[in-house]
Each structure stands twice: as structure tokens, then as C-alpha cells.
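J.: Below you will find the structure I want to go over with you.
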């Protein structure tokens, strides 16, 4: 019999039989066994306001070499007590996974109600849906939730993506009684551990040794019938195993508040990123590489750099642009023309990405694209017309702050453009016809961005940009408390962009302004409303109108009680918590100024008014002014608030909260007018 024999030498570490089952750390919670004291619990003593509490959350991860490649198996078992009806949303579960290379299996969920009944999740109530081109998720709602119920679920995630292991959250917006993450990883895979908000004492790493079989060769014998017989040979290798066991107990809730990026920036958690491999008989090989290599790889990638460097990907867009560029006198005019051309031509599909998923030529034909496609097209057109520019990779505010220590590409989800204009480099972000060049979308304002350049990639600090509004009211008050007169708005920077959108989308400008003011003055009457949003977006929006405020003041005998501040920027203090554990992070600096000139009814004088105040935050972080005076039969009011600092650390929170309390106190305290005898 004629036989054909093939020999394959297998690379150590790429085809390994690794049995970590001996080291698996299963959840100490027994599935379906709820302690009576948990079922009868009505409040959680450490946090009596909690709507729900995580009773236990256990994760177990093992690296798996048994299939001839490197994978991991991750199991999670989570149990939650529902204390209030407002906590029912904790029964809505979504588990994300990559469409290719990952699989969710063995999903189970059940609910135990206080009356002793058990309800199990049915397979028909589990749904799989696409999130975007790369991600999917499994969704379900825990069945028959009730106040006092305990729900639990468990599942297994099998993944080929061992470069980044599942991150683990010890902390949520509800308290956690116990959280534990256990990993068994061979020393051949060297992970960088990134911890946040975690006490170092809970990061426990131990080591042990285990013998395993390593494939040394593989033969394939093909007989005359064509049938093949595969034989493998193995060597025994002793491997060092690292065991990570992370535990936290009685973790307080961290509830969101205004002016925050994302709570993911502050929840206690750990992440694992593969930094290097150290397979037997081979040198240690870095995996992360360097920022220089990451930049080079991106610029050579067909979904990033090649879309910009090869004209076939944007030829039709560039051809369509040339007629408009013919009138440009200089590069500054070219930049504006290209920026406006794309913003007026293209539509954002509401998806962030730092890579193009479609060819730029196709996006231009469809007049739609994700954030990367729009900005890469802008970059391509700039470069094609000899404009100095660079791509900027960003993580949006709700995606989390980027880490500059390691070239972890998954931390980015957006790309913008750094372009020379007006003698300086400004950040441009295609996606809205209402935004000004140099003012990227507010979600992009996340502190830092990474400039992609083959010769000199670098991290840059994003500039502190601003928004401002000035409102001037000239009114006459009668003895019944009704005021008539005119108001003027002048709005610029970031504050102007939503107004531009309102003006463009609302033909009835009277209805537009009534919607803005009717919450404070439900019966307001408006006339001659004029709203101008100049085509030059660097110029402010201006709005003027006549108005009648039937109830600006409340009459009580010889007294009029006046609330003089119209359309305040803040109607309540945005900071409710007495103590805040995470920073206040404001996307852009802002100022709001209101000036009132009010003619009093005949015979009335100013009787009582809040004391004038001028206050400032430390380090020029902000200022507050409130002054009111009478001049003849008129009173003049000026109130102004400025925030000139983007970030306030937790230790500055009390002062910031007091600052806004002062503002609200002055705005809400009435001015008293009295009829002269």
C-alpha cells in the first residue's frame, strides 16, 4: 500500500493540552439555594435607600489550550435581591459578545418570590440582537419579579479573544455584598492588570505548578483510498500557573450624578490585557508593541490609513468638491469649504467607530456613514488638497477615559481630525451641520486624544472650549404683576449648537420660544419672534421677541412679590449628593448672564431684595455675581455665573455644591415691591 506522509512541527504554546479543571474555583453560592434570611430581607442595613443589592457575584476564568489554539472559558453566577419596585430594572440583563469567535452557552435564570414560589426563565424569552457590525448581545428579563424577590442567573462565555480577558466590576449603582473573580492563567501568557478603585489588598496572586502535555509533532498518513490518519506525539511540560483571586465585600453603591463622563471611569474594577508571551524554549515576545507600531499598523490598515492614502476610495467625493474649491483664495477657505461641504452633504448614522466598516466611496454615494467614515473622508479630502492634517483617535465621554500607558486599541471608539486653520491646529469633527469648525461634538470632549502619525505619534490634550449666553430683558411691570416688553438672546460657542438645530427644524419660531419659556411662564404671550443663525457658524445666534408675562409678580395688597430671573440656566442645584466620591467633569467651560431692566408701576418702590453677592471658586474655577439696585422708578438686575474649570476633584465638591446653592438661593428669593402711601 502506497502511503503519503506529511509532518507538521507544532509551535510550542500554540497547540497545547491544558487542563485547568483541577484549579477551577466554583461559585460558593449554590444554584437555586437561597438562604431564608436573604429571601425575607426587606432593607439592606448598610444602605437603607438601596432599591436592590447584589448578594453575590462570582466569576471564574480558565485558559483553554485543548482545541489546538488558545481560548478561554468564563463563567459568571450573579444573584440580586430586589428591595423596591424601582429596582425592577435590575432584572433586565444584557450580555455582550463578539459576533465572531465568541459564544454564550448554558444560560439560566430564575426568580424566587417572598411567598416561596420559583419561576425559571424560558428559552423563548431569551433574545439575541445585533449591537453593531462587531458586537451582539443576549437579552432577557427575569420572570415574575416582585418586591422582595431574589433573582439569579448564570452562563458560560467561550472566547477565542485571549488578548483581552473579561473585565470585572466589583461596584455598581447598587450596593454589592460580595464580589469575587478567580482566574487561572499559565505563565506563558503575561497579562497586564489594570485596576481602578480597588484596594491593593484584594488583588491576590499566587503561583503553582502543573504538568501538561505539549504536542511535539503531527503526522498525516494518506492511503490509496484517500483516507487520512492523523497521529500526534506529545511531550510532558511542567508549567507555572498564576492564580488571581480578587474579592471585595460590602462595596457601596456609586450612583451617577450630572457632569460625569461615564461611571465606568470610577466603578471599582479590574482589566486584563495581554502584554507578552513566554512560551517554552522561546524568547519573551511583547504583544502590545509600541505606540509607534500601532500607528504604523493603523496607517497601513485597509479600513483606516489606506482609505485616506488611496484616491480610489474618495475620488467621487473629491471630484464633487472641486467646483466649490475653485473659489477658495487660501487654505483656510479650503478647510472651511470642505468642512461645510461634508457636514451639509453627509449624515451620521449614530454609530461611533475608529475604523471604516464600508469603503469611503460607498459612504459618499449613500451620503451616510459612521463617525470614522465621515472624519476619514474629511481627512482624505484635506490631504488630497494639500492641507496639513492628522487623524486623532478618541474615546468618547460615555466610552471611558483612555489610558496612555499601553497601546490598547479597543479603548478607542471614535476618530476626529486635527487640521491647520487660522494659523493654529484645531479639532474638527464631521457629523452635524450646526457645529463650528474647531468645536468637536461634546461626546469627543474627554480630555485627551491620540494623534496618529508614523513618524511621531503622540498624546495631545484637547483644548478647553466654551459656550456662553447673554439674555437681556427690558420690561414694564403693572400693579397686577403683569410685565410687558422685549427680550434679546445672544448665544455662542457650544450653547449655540442646539439653538441652531431648533431654529433650522422649527418654522414657527413663536412656538419654539414658547416651548422654552412656558415651563416657567405657562401663560406667556409672544410676538415678533426673530431668530437668526448666521451661515457663518462662528458668529452667535441672536433671538429677539416681544413678550407679556401675566404672572411675573404676585400681588398681595400693597405688595408685589417678584421673581426677576427669566429663563435661568439652572432651576435647581445639579448636585444633589452631600458627598461625591468621583470628580465633576464638565465637557466645556460656560457662562450665562441675565440682565433685567424693569420699570416699576407708578407708586411702587423696592422694599426688599436679596443681598448682592460676588463669589468665586478656588483657582479661578468659576465666579458668581448677583446685583440688584433701584434707579428712579426702575430696578436693574445683573446675574451671571461662569464655570471656567473642566474638572473638580472630589475634595472640591463641597465648595462647588455650595456655589450652586448660593446661585439658586439668589435666583429663587423674591424681590418685594411696596406701594408708597
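J.: Taking the Cα atoms only, what angle lies between the long axis of helix 291-300 and the longest principal axis of the chain, rounded to 10 degrees?
T.: Approximately 90 degrees, to the nearest ten.
J.: With n ≥ 4 as the cut-off for DSSP H runs, can you work out [θ] at 222 nm for the chain, using -39500 (n - 2.57) per run divided by the number of residues, rounded to the nearest 500? Please list the in-between numbers first.
T.: Values: 10 runs with 102 residues, N = 677.
Taken over the chain, the calculation gives -4500 deg cm²/dmol.
J.: Provide the packing ranking of 150-161, 293-304, i.e. peptides ordered by the mean count of other C-beta atoms within 10 Å per residue, highest first.
T.: Order by mean packing, descending: 150-161, 293-304.
J.: Looking at the range 466-675, what % of its DSSP beta bridges pair antiparallel, to the nearest 5?
T.: 85
J.: In the chain, what % of DSSP beta bridges are antiparallel (nearest 5)?
T.: Given both bridge residues lie in the chain, the antiparallel proportion sits at roughly 90 percent.
J.: From the square roots a ≥ b ≥ c of the eigenvalues of the alpha-carbon gyration tensor of the range 377-491, which class results: rounded (a/c under 1.5), prolate (a/b over b/c), or oblate?
T.: Working: a/c = 3.74, a/b = 2.27, b/c = 1.64.
Taking the square roots of the gyration eigenvalues as a ≥ b ≥ c, the range 377-491 is prolate.
J.: Still on this structure, I have one more. Fewest first, what order do 544, 639 take by the number of other Cβ atoms within 10 Å?
T.: The order, fewest Cβ neighbours first, is 544, 639.
J.: When ranked by the protection proxy of mean other Cβ atoms within 10 Å per residue, highest first, what sequence do the peptides 268-278, 573-583 form? Numbers along the way, then the final one.
T.: On the way: 268-278: 18.7, 573-583: 14.4.
Those peptides, ordered most packed to least, come out 268-278, 573-583.
J.: Relative to the longest principal axis of the C-alpha atoms of the chain, give the angle of the C-alpha long axis of helix 331-345, reported between 0 and 90° and rounded to the nearest 10°.
T.: 80
J.: Separate question: Taking the chain as the reference, fit the longest principal axis to its C-alpha atoms, fit the long axis of helix 371-384 to the helix C-alpha atoms, and give the angle between the two in degrees, 0 to 90, nearest 10.
T.: For helix 371-384, the angle is close to 80 degrees.
J.: Ok, one more. Of [x] 28.5, 98; [y] 29.9, 87; [z] 31.6, 127, which is the value of Rg and Dmax of the Cα atoms in Å derived from the coordinates here?
T.: [z]
J.: How would you order 181-187, 38-44, 342-348 from highest to lowest mean count of nearby Cβ atoms within 10 Å?
T.: 181-187, 342-348, 38-44
J.: Nearest 0.05, what FRET efficiency do residue 523 and residue 488 give at R0 = 22 Å with Cβ-Cβ as r?
T.: Numbers: r = 22 Å, r/R0 = 0.98.
Once the sixth-power term is evaluated, E becomes 0.55.
Every number in this text was worked out from the coordinates using simple rules, so none of it is lab data. Fair warning: this is a prediction, and the values are worked out from it, not measured in the lab. Glycine also receives a Cβ, built like all others from the backbone with ideal geometry; neighbour counts cover every protein chain displayed.
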